[in-house]
Amino acid sequence: LSQAFSWLSKSASFSSGFSSQPRADRVATENLSYHPNPLLAIALVILHGVMNLIRLFADVIHLFGIAALLYKIYKSKNCAGISLKTQVMFLAVFLTRYLDLFVYFVSLYNTTMKLLFISLTGATVYLIAIRHSSTYSKEFDTFPAWALGVLSFVLALIFHEHFNIREVLWAFSEFLEAGAILPQLWMLQRQRNTQNLTVYYILFMGVYRALYIVNWVYRFIFFHHVDWISWVAGLVQTALYGDFFLLLLQVVSVNMNQKLYH
């Protein structure tokens, strides 16, 4: 039975390599094996594995959304309808959040995913700003992104776990990510010409964040893990995506009714 617990713990912690606290997750999983009720202990360890798989799925969805957008621009040689400001802010999010790449090695999965997020988003910024800049709808990409950057940095200086460069920049990345999609939403509203892939990209980003919230709730209930910065920023970000899709559903409903009566 102890060998089974050990195997389940290792399996459950596989996807935790991309989390901010992989060691804490591993220790928490191992502690489950000491529950006085063996059957309940097995169920809890399996549940932990499922929740880590959900987090892994969220990371894959996030990565797929970025890769699909990049492929669309590369294939069509057109970046109309895509906000450069949103992509620049996401690039800033990844660069400031993943400074630990230069500090310690967590796992091959952890390092690979972080490098992919940085490189794919950097490539997207390059295609929009330089390679296909003639197709970029700059006149619609007018949201004051600088204000989000300043606000995020001020919040990071006030709310952080430890006052050092890496922790402040990590907090900055969390606050900035919460509003990074706003220029894209602003652009879609002004342009009023929603492309399918752009909508799917926003959908992928929203699902990724929603799945992470599910994982946060689980970690709080079972392991009393608290991360107010990520929680608040994540809820704000999810609310923005939710508001967008509510408006999108209203538009689709109106269009369907119009077709129905004509």
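The values are calculated or read from the model by the stated rules, or taken from the named source; none is laboratory data. What you are looking at is a predicted structure, and each value in this text was computed from that prediction instead of being measured. Here the Cβ is made from the backbone with ideal geometry for all residues, glycine too, and neighbour counts use every protein chain on show. Please note that ligands, DNA and RNA were not included when accessible areas were found on the heavy atoms of the full protein model with its side chains. Shrake-Rupley method; radii C 1.70, N 1.55, O 1.52, S 1.80 Å.
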*Where residues in segment 50-83 are more than 20 Å from the chain's Cα centre (by Cα) and open to solvent by less than 20 Å² (accessible area, probe 1.4 Å), which of them is nearest to Lys114 (Cα to Cα)?*
Ile73
*Pairs under 7 Å by beta carbon, first residue of a type in the set (A, V, I, L, M) in segment 123-144, partner assigned to a loop (DSSP other than H, G, I, E, B) and open to solvent by less than 60 Å² (accessible area, probe 1.4 Å), six or more apart or different chains?*
Leu127/Cys79; Ile128/Cys79; Ile128/Ile82; Ile128/Tyr136
*Of the conditions (1) at pLDDT below 95; (2) within 21 Å of the chain's Cα centre (by Cα), Ala156 fails just one. Which one is it?*
(1)
*Here are Ile130, Ile181: which of them is open to solvent by 60 Å² or more (accessible area, probe 1.4 Å) and among the aliphatic types (A, V, I, L, M)?*
Ile130
_Looking only at segment 239-251, and only at residues there that are under 18 Å from the mean Cα position of the chain (by Cα) and open to solvent by 50 Å² or more (accessible area, probe 1.4 Å), the one that is farthest from Val168 (Cα to Cα)_ = Asp243
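Yes/no matrix, rows are residues, columns are (1) under 22 Å from Leu47 (Cβ atoms); (2) modelled with pLDDT of 80 or more; (3) not polar (S, T, N, Q):
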{"residue": "Glu177", "(1), (2), (3)": "no, yes, yes"}
{"residue": "Leu188", "(1), (2), (3)": "no, yes, yes"}
{"residue": "Arg192", "(1), (2), (3)": "no, no, yes"}
{"residue": "Leu197", "(1), (2), (3)": "no, no, yes"}
{"residue": "Met205", "(1), (2), (3)": "no, yes, yes"}
{"residue": "Tyr208", "(1), (2), (3)": "yes, yes, yes"}
{"residue": "Tyr218", "(1), (2), (3)": "yes, yes, yes"}
*asked:* So, in segment 220-238, how many residues would count as being assigned to a helix (DSSP H, G or I), at pLDDT 80 or above and either over 25 Å from Leu182 (Cα atoms) or open to solvent by 60 Å² or more (accessible area, probe 1.4 Å) (or both)?
replied: 6
_Filter result for Ala156 (open to solvent by less than 30 Å² (accessible area, probe 1.4 Å) and farther than 17 Å from Ser83 by Cβ)_ = yes
*asked:* Every residue in segment 69-112 that is at pLDDT below 90, among the polar types (S, T, N, Q) and out of contact with any Phe, Trp or Tyr (no Cβ under 6 Å at 6 or more places or on another chain), please.
replied: Ser107
